[in-house]
Amino acid sequence: MLTLIVVALLIIFAAIVAARTIRIVPQQTAQIVERLGSYSRTLDDGLHVLVPFVDKVRANIDLREQVVTFPPQPVITSDNLVVSIDTVIYYTVTDAKSAIYEIANFIQGIEQLTVTTLRNVIGSLDLEQTLTSRDQINAQLRGVLDQETGRWGIRVNRVELKAIDPPHSVQDSMEKQMRAERDRRAAILNAEGVKQSAILTAEGEKQSQILRAEGSAQARILEAQGQSRAIQQVFAAIHRGKPTQRLLAYQYLQVLPQLARGDANKMWIIPSEVTDALRGISGALGGDKPMQNGDDEEEWVDPGPEDNAFADTLLQDPAKALAEARGQAGQASAEATAHATPPIRRQPPVVPAPDQVPPRAQPTDQIPQQELQPGQAPPAGRPSPVQEQ
């Protein structure tokens with residue numbers, strides 16, 4: 001029984017010795033080994049053999065890139081505003097021995113160094129620059145941290161400002177300012193849109209009025225030309241037909257009922273020519289005074305085959321008529337502008353009275369005497385007899 005206990009103790013002792021002697025280090029890991037309390041060596045990844053009860057593993061360092069987040073820290077800007085800033089640090093341990101023996105807790109050292117550097121950087125910036133200069137702040141923090149942590153065996157790869165929280169009152173003021181700025185921009189854009197719309201509408205109305213005026217002018221010109229030619233054709237046809245006095249009197253009587261049309265006509269006056277027309281018609285119908293064969297001044301003459309009234313009718317070209325209308329409109333506009341411009345008043349020349357300026361006498365020996373015919377003007381440079389008197 002005692003033998004079994006001794007054997008078991010020997011096995012346990014051998015296992016403990018083997019565990020303290022053989023050390024397996026994983027990838028991207030470094031172990032600090034101390035021998036009798038002093039630094040001995042740094043174990044890299046792989047299998048290592050230690051002296052049991054003499055060598056001791058002090059620390060196990062992870063060599064991968066680490067990410068550490070620091071809680072928000074109150075920082076005062078140059079315009080005396082307190083903002084809360086939390087940061088994120090990306091670092092890598094490059095020397096495990098320095099990270100263990102140069103500083104007691106390198107994580108705490110990085111945190112305090114980040115806070116002090118951040119307060120120094122933000123203290124020289126106002127709130128607006130703090131909110132818009134994150135890249136500049138990150139670069140300054142990384143430069144200072146990398147320089148200070150280099151002797152600790154740590155390389156700072158990246159520094160990021162996770163959040164910048166100004167006071168709630170400042171946030172409300174900033175929101176109101178941004179809302180007012182956006183409202184101003186919206187009002188400006190709306191006003192510009194209304195302006196452009198009004199300009200385009202005015203241009204459209206101008207063009208439509210110009211086209212409408214041109215069309216109206218062309219239509220009036222063509223209508224006036226048509227009426228003129230129609231009147232000429234009717235006038236020529238009447239003269240070719242040689243109407244008698246009886247026909248004219250009959251047409252005159254047919255027009256008379258039109259004078260009495262209208263509900264508001266209470267009284268209408270018969271012209272004096274009606275009696276002459278009635279006398280002529282009564283004579284033509286065999287009244288008291290029979291008409292003789294020679295009563296008509298002229299007999300009806302057969303005008304022959306009727307000519308086509310529109311054979312020689314040539315309407316004016318619309319484009320030419322439009323150009324003439326535009327020219328007349330431009331001339332009228334120029335005349336209106338000339339009349340609207342006040343004329344330049346010139347001072348009339350002052351003619352001195354004859355008693356103020358004596359006439360200059362001319363030598364009579366240099367001007368030959370010449371008799372003037374009646375109605376003949378005196379020669380140049382010689383006064384007329386009226387002026388001499």
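The values are calculated or read from the model by the stated rules, or taken from the named source; none is laboratory data. No experiment lies behind these values; they were computed from the predicted model shown. All Cβ positions, even for glycine, are placed from backbone atoms using ideal geometry, and neighbour counts span all protein chains on display. Only protein heavy atoms, including side chains, enter the accessible area calculation; ligands, DNA and RNA are left aside. Shrake-Rupley method; radii C 1.70, N 1.55, O 1.52, S 1.80 Å.
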* Structure fact -> Rounded to one decimal in Å, the inverse mean reciprocal Cα-Cα distance for the range 14-107, i.e. its Kirkwood radius, is 16.1
* To do: Using a 1.4 Å probe and counting only protein heavy atoms, arrange Ile110, Ile24, Ile16, Ile100 so the residue with the most accessible area comes first.
  => Ile24, Ile16, Ile100, Ile110
* Accessible surface of the range 75-155, 1.4 Å probe, proportion on carbon and sulfur as whole % -> 44
* Structure fact -> With 0.36 nm assigned to each residue of separation and the Cα-Cα distance removed, Gln129 to Glu324 gains 63.2 nm
* To do: Note down the net charge around Thr87, summing +1 for each Lys or Arg and -1 for each Asp or Glu among other residues with Cβ under 12 Å from its Cβ.
  => +2
* the range 19-74, Rg to Rh (Cα coordinates; Rh as Kirkwood inverse mean 1/r) -> 1.18
* To do: Obtain the nm distance between the two label points defined at Arg155 and Leu4 by a simple spin-label model: each point lies 7 Å from its Cα along the Cα-to-C-beta direction.
  => 6.0
* Structure fact -> Residue separation between Ala187 and Ser216 times 0.36 nm, minus their alpha-carbon distance, gives in nm 6.2 nm
* How much net charge surrounds Ile164 when only the other residues with a Cβ under 15 Å from the Cβ of Ile164 are counted, with Lys and Arg +1 and Asp and Glu -1? -> -4
* Structure fact -> Env charge @ Val57, Cβ radius under 9 Å, K,R +1 / D,E -1, value +1
* Which value, in Å to one decimal place, does the Kirkwood hydrodynamic radius take for the range 105-145 when every pair of different Cα atoms is included? -> 10.6
* To do: Run through every distinct alpha carbon pair of the range 182-225 and return the Kirkwood hydrodynamic radius in angstroms, one decimal place.
  => 12.9
* **Those chymotrypsin sites (Phe, Trp or Tyr not before Pro) in the range 1-81 that DSSP places in a loop and that have at most 11 other beta carbons within 10 Å** => Phe53
* Structure fact -> So Gln108 and Gln28, fully extended at 0.36 nm per residue minus their Cα-Cα distance, gain in nm 26.5 nm
